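Engineer: Sending over a structure as structure tokens; questions will come in a sec.
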């Protein structure tokens with residue numbers, strides 16, 4: 001869990017540095033923070049409903065929240081609540097969402113440097 005928390009903190013610190021350097025707009029940070037909060041909340045709610053054996057949040061909804069920018073919150077909630085830790089296809093898709101967003105970030109920074 002500490003590695004996950006550290007990675008998420010490093011991501012947001014990187015965004016702050018890139019924004020401070022003028023390579024990213026402010027909304028980019030706020031977008032990821034809000035999306036992460038939504039994703040974290042969905043994972044927390046799904047875990048609570050799993051424990052109470054009630055209606056659950058669909059996996060597709062959880063993954064969509066990660067795909068729409070909430071992947072840092074998804075990783076935090078997954079580690080904190082020990083939720084969705086054994087479902088290999090789910091984990092692989094979550095990694096895919098993460099790498100996609102990191103690739104988009106890399107392309108945005110490279111574009112700002114005029115290399116693309």
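Coordinate-derived values only; no laboratory data. Small disclaimer: the values here were computed from a predicted structure and weren't measured. Here the Cβ positions follow ideal geometry from the backbone for every residue, glycine too, while neighbour counts run over all protein chains shown.
Engineer: Could you check the simple spin-label distance between residue 88 and residue 16, using points 7 Å along Cα→Cβ, in nm with one decimal?
Structural biologist: 3.9
Engineer: Continuing with this model, one more query. Before anything else, pin down the relative contact order of the chain: Cα pairs under 8 Å, at least 6 apart, normalised by residue count, whole percent.
Structural biologist: RCO, the chain: 27 percent.
Engineer: Another question, then. Between the helical axis of 71-81 and the dominant principal axis of the chain, each derived from Cα atoms, what acute angle in degrees is found, rounded to the nearest 10?
Structural biologist: The two axes meet at around 40 degrees.
Engineer: Given R₀ = 25 Å, what would the calculated FRET efficiency be for residue 48 paired with residue 5, taking r from the Cβ atoms and rounding to 0.05? Write down the numbers at each step before the final one.
Structural biologist: On the way: r = 21 Å, r/R0 = 0.83.
Once rounded, the FRET efficiency stands at 0.75.
Engineer: Which of these, 61, 88, 98, has the largest mean-square fluctuation under a Gaussian network model of the chain (Cα springs below 10 Å)?
Structural biologist: Among 61, 88, 98, the largest mean-square fluctuation in the Gaussian network model of the chain belongs to 88.
Engineer: Can you match log10 I(q)/I(0) by the Debye sum over Cα atoms at q = 0.14, 0.22 Å⁻¹ to one of these, (1) -0.73, -1.13; (2) -0.94, -1.08; (3) -0.59, -1.22, based on a calculation from the structure here?
Structural biologist: Only one option fits the structure, namely (3).
Engineer: Here's something else I'd like to know. Where does the chain land at 222 nm, in deg cm²/dmol rounded to the nearest 500, when only DSSP H runs of n ≥ 4 count, each adding -39500 (n - 2.57), divided by all residues?
Structural biologist: Helices in the chain give a 222 nm mean residue ellipticity of -25500 deg cm²/dmol.
Engineer: On to the next question. Testing the spin-label approximation: label points 7 Å from Cα along Cα→Cβ at residue 109 and residue 26. State their distance in nm.
Structural biologist: Computed distance between label sites residue 109 and residue 26 equals 2.2 nm.
Engineer: Same structure again: Highest GNM mean-square fluctuation, the chain, Cα pairs closer than 10 Å: which of 66, 21, 35?
Structural biologist: Per the Cα network of the chain with a 10 Å cutoff, 21 tops the list.
Engineer: Springs between alpha-carbon atoms under 10 Å, Gaussian network over the chain: tell me which of 96, 69, 22 tops the mean-square fluctuations.
Structural biologist: In the Gaussian network model the winner is 22.
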